[in-house]
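The values are calculated or read from the model by the stated rules, or taken from the named source; none is laboratory data. Keep in mind that what you see is a predicted model, and the values were worked out from it rather than measured. Cβ coordinates were reconstructed from backbone atoms using ideal geometry, including for glycine residues, and neighbour counts include every protein chain displayed. What goes into the accessible areas is simple: the full protein's heavy atoms, side chains included, and nothing from ligands, DNA or RNA. Shrake-Rupley method; radii C 1.70, N 1.55, O 1.52, S 1.80 Å.
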Amino acid sequence: MSVAAACAAVLLGGCSAGAVSSDAAELNNMWRANQVPKATPAQMVATFDRFCVNGSRDTAQAERDLRAAEYIPLPNSRSPGARAWVEDDEAPAVALSDSMCVVAASSRSGQTDRFRRYVADTFPRARAVDPSPLGKTIEQAWEVDAPAPFLIATERTPDVDWYRYMLILYRPEAEA
């Protein structure tokens, strides 16, 4: 057998070692830190605007849109009915359910002010509401009436020895 044929046999043999989905292979090659990266405030707001505010409310279409943007789903989401999506770069993670859309990244300087400005500019009639009944890690919350009421909130949660910052859009009518 020639050297070229032997190399081809070894390479092809390695490729057929077992059926692994493309999602599983990509996730296995992704650094865990890239799953919830240090996205810039601008990246977080743009992702929130694209997938949560202006994205499809049909979950299947929203998932197709995330795939088209090179996101892949995590296999085991912690929240029932929610599915988390990640990308192997500095794009923030996105989680979707029928009633909620969340964008998450590592906590960084400028995120709070950038998102506060985004809400004021995008939803000038949004009303600030007391975040304390929503959970101890919710920092800010706004109610928006257009055309059906929804809630926008921010959450900062500890994760090992750093913090995660999340932008949340919640549509209560979707649960009814």
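Results, tabulated for the structure shown:
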read-out	value
Per-residue SASA entry for residue 151, accessible area with 1.4 Å probe, Å² rounded to 10	40 Å²
Per-residue ³J(HN,Hα) for the range 56-67, Karplus 6.51 cos²θ - 1.76 cosθ + 1.60, θ = phi - 60°, Hz, x for Gly and Pro	5, 7, 7, 4, 4, 5, 4, 5, 5, 5, 5, 4
Amide hydrogen neighbours beyond the local backbone of residue 163, cut-off 5 Å, H modeled	107
From phi via Karplus (6.51, -1.76, 1.60), per-residue ³J(HN,Hα) for the range 69-74 in Hz, x at Gly/Pro	8, 6, 8, 10, x, 7
Förster radius 41 Å - calculated FRET efficiency between residue 60 and residue 162 (Cβ-Cβ, nearest 0.05)	0.75
Estimated distance in nm for a label pair at residue 137 and residue 38, the labels positioned 7 Å out from Cα along Cα-to-Cβ	2.1 nm
Sorted peptide list for 44-52, 117-125, 135-143, criterion being average Cβ within 10 angstrom, highest first	44-52, 135-143, 117-125
Mean Cβ count within 10 Å, highest first, over the residues of peptides 105-115, 87-97	87-97, 105-115
Long-range amide H partners of residue 99 with built H, under 5 Å	none
³J(HN,Hα) computed for each position of the range 138-154 - Karplus, 6.51 cos²θ - 1.76 cosθ + 1.60, integer Hz, glycine/proline x	6, 8, 9, 8, 9, 9, 10, 10, 5, x, 9, x, 9, 10, 10, 8, 10
Alpha carbon convex hull of the range 40-124, volume per residue in cubic angstrom	98 Å³
